[in-house]
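Beneath this line is the structure, given in structure tokens, with notes to follow.
The values are calculated or read from the model by the stated rules, or taken from the named source; none is laboratory data. Just so it is clear, the structure is predicted and the values come from calculations on it, not from any experiment. Glycine also receives a Cβ, built like all others from the backbone with ideal geometry; neighbour counts cover every protein chain displayed. Calculation scope for accessible area: heavy atoms of the full protein, side chains included, ligands and nucleic acids excluded. Shrake-Rupley method; radii C 1.70, N 1.55, O 1.52, S 1.80 Å.
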Amino acid sequence: MSWKVQLGIGILALLGVLMLVGFVKSVIYSLLPVVILLLLGYGAFRLYVATRGKAETPPQLPQATPPAVSARPTKDAATRLREIREEAARQQRQQQ
């Protein structure tokens, strides 16, 4: 390639980079006010929440009474069956 073509390509590349930089700069500058407003709004909201104090506790549902459970431990079926048989044997001895 001749030096003229290389110079033209270099100039076009430089112009392309400058256009890209300008585009990015314009996008940043156009979004900057929006970002500032959002940050200010968020800060105002945080201040509002901080100065409001603690929120009231939501109303609680009435406490349901727990189901009645016997204080003694439950017995398995074999133990209960043995107790029933012992009680029946005692009652038979008392009747005789």
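Descriptive notes on the structure:
- Across segment 79-96, rounded Karplus estimates of 3J(HN,Hα) from the backbone phi angles (6.51 cos²θ - 1.76 cosθ + 1.60, θ = phi - 60°) give 5, 5, 5, 5, 5, 5, 5, 5, 5, 5, 5, 4, 5, 5, 5, 5, 6, 7 Hz, Gly and Pro being marked x.
- A cut-off under 13 angstrom between Cβ atoms defines the neighbours of ALA89, and their net charge, with Lys, Arg +1 and Asp, Glu -1, is +1.
- Whole-Hz couplings from phi, Karplus 6.51/-1.76/1.60, listed for segment 42-49; x for Gly and Pro: 5, x, 5, 5, 5, 5, 4, 5
- With DNA, RNA and ligands ignored, accessible area of LEU61 (1.4 Å probe; Å², nearest 10): 150
- In order along segment 17-23, the Karplus-derived 3J(HN,Hα) couplings, from 6.51 cos²θ - 1.76 cosθ + 1.60 at θ = phi - 60°, round to 5, 5, 5, 5, 4, x, 5 Hz, and Gly and Pro are given as x.
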